[in-house]
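Novice: To start, I am sharing the structure in question, which I have written as structure tokens.
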Amino acid sequence: MHKILKSGIILTLLLVLAAASASGITRVSRSLNVIDFYGGYATPWGKYEGTISRNFMVDNRPVDVDAEDVYEPTFFIGFDYGSLRRGHLLYQLGFRYYNHRMIDTVQLPSNYISYFGIDYSLRQYDIDFNFNYLINDLNFKPWSPYLGLGFHAGITSLGAKGYDSENEIELALSLNYGLDLRIWKKRDNESFITLSSINNFNFWASEDRPKYFNFGLGLKYFFEM
């Protein structure tokens, strides 16, 4: 699994770098500002030794538990502001929110059961930076797939009614991919809107921050200042 992830990361980096170099010798397009709003579905993956509140222990030793035994699928929402350069290079800075859905009773190896016994809420507040490469120039074509990398830094907050919340700063890295489809264009060609699939795969996260396959949908507004 780790070899596949490393190969995927290296391949994505090579594609982005090669594409960026190629864009320098093609027709130079105008730079545009971009605002997007999105939301979607997140499926957890990986193994975990615990949460920010506690470790999973069997006979006083930490154990790994599969994601599906700790977290349920959940949702995310977010927004970004950025810039599209040369029609292909998209830089974005934004905010993303997750409502991590924890399973109350966690099944540990050897039939041990970890029962939280408290109605916890676990939430994620992230600042995102994304760099994506659009295969087609949306100034001239109505659609474009894209690939890229994402960096996420934020607060994982654990809370419960009647208890003080616990907060940790956590990081994550993602592979981004999706498709932009232009659904509206201003007659003077100064702005347009795309319907976008906004997907990514959290291939790394610090500590026991939940990792997801994210499948989202959003709207992007491209415009000149």
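The values are calculated or read from the model by the stated rules, or taken from the named source; none is laboratory data. This one's a predicted model, so the numbers in the text were calculated from it and none came from an experiment. With ideal geometry, Cβ positions are generated from the backbone for all residues, glycine too; neighbour counts draw on all protein chains shown. All accessible areas refer to the heavy atoms of the entire protein, side chains included, with ligands and DNA or RNA removed. Shrake-Rupley method; radii C 1.70, N 1.55, O 1.52, S 1.80 Å.
Novice: Can you confirm whether residue 87 is touching a residue at least 24 places away in the same chain (Cβ under 8 Å), of a type in the set (Gly, Ala, Ser) and assigned to a loop (DSSP other than H, G, I, E, B)? Talk me through it step by step, then tell me what you get.
Specialist: Numbers: touching a residue at least 24 places away in the same chain (Cβ under 8 Å): yes; of a type in the set (Gly, Ala, Ser): yes; assigned to a loop (DSSP other than H, G, I, E, B): yes.
It is true that residue 87 is touching a residue at least 24 places away in the same chain (Cβ under 8 Å), of a type in the set (Gly, Ala, Ser) and assigned to a loop (DSSP other than H, G, I, E, B).
Novice: Looking at 86, 54, which one is open to solvent by 70 Å² or more (accessible area, probe 1.4 Å) and touching a helix residue (DSSP H, G or I) at 6+ places or on another chain (Cβ under 7 Å)?
Specialist: Values: 54 fails: touching a helix residue (DSSP H, G or I) at 6+ places or on another chain (Cβ under 7 Å).
Of the residues listed, the single one that is open to solvent by 70 Å² or more (accessible area, probe 1.4 Å) and touching a helix residue (DSSP H, G or I) at 6+ places or on another chain (Cβ under 7 Å) is 86.
Results for (1) at pLDDT 95 or above; (2) touching an Asp or Glu at 6+ places or on another chain (Cβ under 9 Å); (3) of a type in the set (A, V, I, L, M, F, W, C), shown as yes or no for each residue.
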| site | (1), (2), (3) |
| --- | --- |
| 49 | no, yes, no |
| 58 | no, no, yes |
| 73 | yes, no, no |
| 78 | yes, yes, no |
| 85 | yes, no, no |
| 88 | yes, yes, no |
| 95 | yes, yes, yes |
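Novice: Hey, can you tell me all the residues within the range 198-225 that are open to solvent by 10 Å² or more (accessible area, probe 1.4 Å), in a strand (DSSP E or B) and of a type in the set (S, T, N, Q)?
Specialist: The answer is 199, and nothing else.
Novice: Another question, then. I need a count of the residues in the range 57-77 that are open to solvent by 40 Å² or more (accessible area, probe 1.4 Å), farther than 14 Å from residue 110 by Cα and in a loop (DSSP other than H, G, I, E, B).
Specialist: Result for the range 57-77: 1.
Novice: Just the residues that are in contact with a helix residue (DSSP H, G or I) (Cβ under 7 Å, 6 or more places away or on another chain) and open to solvent by 30 Å² or more (accessible area, probe 1.4 Å), please, taken from the range 101-134. Walk me through it before giving the result.
Specialist: Step one: list which residues in the range 101-134 are in contact with a helix residue (DSSP H, G or I) (Cβ under 7 Å, 6 or more places away or on another chain), which gives 103, 106-107, 133.
Hits for the range 101-134 are 103, 107.
Novice: Among the residues of the range 73-111, write down those that are among the hydrophobic types (A, V, I, L, M, F, W, C) and under 18 Å from the mean Cα position of the chain (by Cα). Even if it seems obvious, please write down each step before you answer.
Specialist: Going through the range 73-111, the residues among the hydrophobic types (A, V, I, L, M, F, W, C) turn out to be 75-77, 79, 84, 89-90, 93, 95, 102-103, 106, 108.
Hits for the range 73-111 are 75, 76, 77, 79, 90, 93, 95.
Novice: May I ask you to say which residue of 213, 140 is at pLDDT 95 or above and aromatic (Phe, Trp, Tyr)?
Specialist: Working: 140 fails: at pLDDT 95 or above.
Every option except 213 fails the conditions.
Novice: If you don't mind, there's one more thing I want to ask. Yes or no: the range 135-142 includes at least one residue that is open to solvent by 30 Å² or more (accessible area, probe 1.4 Å) and in a strand (DSSP E or B). Steps first, answer last, please.
Specialist: Kept after step one, since they are open to solvent by 30 Å² or more (accessible area, probe 1.4 Å), are these residues of the range 135-142: 135, 140-142.
After this cut, where a residue has to be in a strand (DSSP E or B) as well, the list is none.
No, the range 135-142 has no match at all.
Novice: Still on this structure, I have one more. Report, by residue number, each residue of the range 177-197 that is without any contact (Cβ under 8 Å) to a residue 12 or more places away in the chain and either part of a strand (DSSP E or B) or of a type in the set (Phe, Trp, Tyr) (or both).
Specialist: Correct list: 184, 185.
Novice: Out of the residues in the range 152-176 meeting the condition of being part of a strand (DSSP E or B) and open to solvent by 80 Å² or more (accessible area, probe 1.4 Å), tell me which one is nearest to residue 195 (Cα to Cα).
Specialist: Here is the first cut: in the range 152-176, the residues part of a strand (DSSP E or B) are 152-160, 163-176.
Then keep just the ones that are open to solvent by 80 Å² or more (accessible area, probe 1.4 Å); that gives 163-164, 166-167, 169.
Numbers: 163: 42, 164: 41, 166: 37, 167: 35, 169: 32 Å.
The residue in question is 169.
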